[in-house]
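J.: The structure under discussion is supplied below as structure tokens; questions concerning it will follow.
The values are calculated or read from the model by the stated rules, or taken from the named source; none is laboratory data. What you see is a predicted model, and the numbers here were worked out from it, not measured in a lab. Note that we place each Cβ from the backbone using ideal geometry, even for glycine, and neighbour counts take in every protein chain shown.
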Amino acid sequence: MEHEIIIIDDETDVIEIAKEMFKGEKQYRFKRVKTEKIEDALKSIPELFIINEETVNTPILDLCKLIRNDEDNSITPIIVLSSSTNKEYRLEILQCAVEYFVRKPIDKDYFYYTVKNVLRLINTNRRVSPLTGLPGNVQIHAELKKRLSKKEEFAVLYFDLDNFKAYNDVYGFLKGDEIIKFTARTILKHIHECECESSFVGHIGGDDFIAIIDNDKYEEICQDIIAEFDAKVTEYFTEEDAKKRIPRSSK
């Protein structure tokens, strides 16, 4: 997988260092953008921003806020390169949701592994559902494997929404996303309320969820989840459609 990294720098020294460090690792693609072209950089939605404070002609805090306030780049990691030794100033930069502050002159080994580790973390986070924030299939498989290897007793609860595609077709995918988030919140609430010592809730994908608990009251927990879902899901329907809906408990 290719990683696009934007270096905001009005000179060329940092990108030359970066290209030299990552020579032979073709999946890392560095692009230098001058300060006045920051809007173009934002449009490309890179995986990482690196800002060389010494050369940019816009205050670093303003640049960081510009990136953070851009909807498409609100979670794009930022590394700031600066020779400042002022602790309060460095903290002020980090408070702008900047991930790393790297001191200049650049320690090449430190810089290399900072970039690698930030991108590794991004790759890890991709395994988490961006919609619900719940662990995805990789973590689900790992959790099941761990419990099986320890020969623990546990229950697996599987959740799937009826007629979800039909709902999406009528109300649109944005409303569908709201149903998915509501479902995740409902499952999490009741799993946490059961006070299981080592509960786990995962999002398989789409309208499929899984929970792993060490509580033998799993049937009661499932009924509570269904009851709350039926009671509140009508909030996501028009009044006319809500009246037509038959709760699962009445079927």
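J.: Against the conditions (1) under 24 Å from Val128 (Cα atoms); (2) loosely packed, with under 14 Cβ neighbours inside 10 Å, where does Ile180 fall short? Just the number, please.
T.: (2)
J.: Quick one: which strands (runs of 3 or more DSSP E) sit completely within the stretch 1-115 and have at least 3 residues that are more than 22 Å from Pro130 (Cβ to Cβ)?
T.: So the answer is 28-33, 48-52, 78-82, 100-103.
Matching residues to (1) surrounded by 13 or more Cβ atoms within 10 Å (Cβ to Cβ); (2) more than 24 Å from the chain's Cα centre (by Cα); (3) not charged (D, E, K, R):
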residue: Ile15; (1), (2), (3): yes, yes, yes
residue: Met21; (1), (2), (3): yes, yes, yes
residue: Lys26; (1), (2), (3): no, yes, no
residue: Arg32; (1), (2), (3): yes, yes, no
residue: Glu54; (1), (2), (3): yes, yes, no
residue: Asp62; (1), (2), (3): no, yes, no
residue: Asn69; (1), (2), (3): no, no, yes
residue: Asp72; (1), (2), (3): no, no, no
residue: Arg90; (1), (2), (3): yes, yes, no
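J.: Filter the stretch 106-130 down to residues that are surrounded by 14 or more Cβ atoms within 10 Å (Cβ to Cβ) and modelled with pLDDT under 90 and give me whichever is farthest from Glu25 (Cα to Cα).
T.: This residue is Ser129.
J.: With respect to Ala211, is the statement that it is among the hydrophobic types (A, V, I, L, M, F, W, C), surrounded by fewer than 16 Cβ atoms within 10 Å (Cβ to Cβ) and either touching a residue at least 12 places away in the same chain (Cβ under 8 Å) or in the same structural domain as Ala142 (by TED's automatic domain parsing) (or both) true?
T.: So Ala211 does not fit the description; no.
J.: Only one residue in Asp160, Asp169, Asp177 is in contact with a strand residue (DSSP E or B) (Cβ under 6 Å, 6 or more places away or on another chain) and of a type in the set (Asp, Glu), so which one is that?
T.: Asp160
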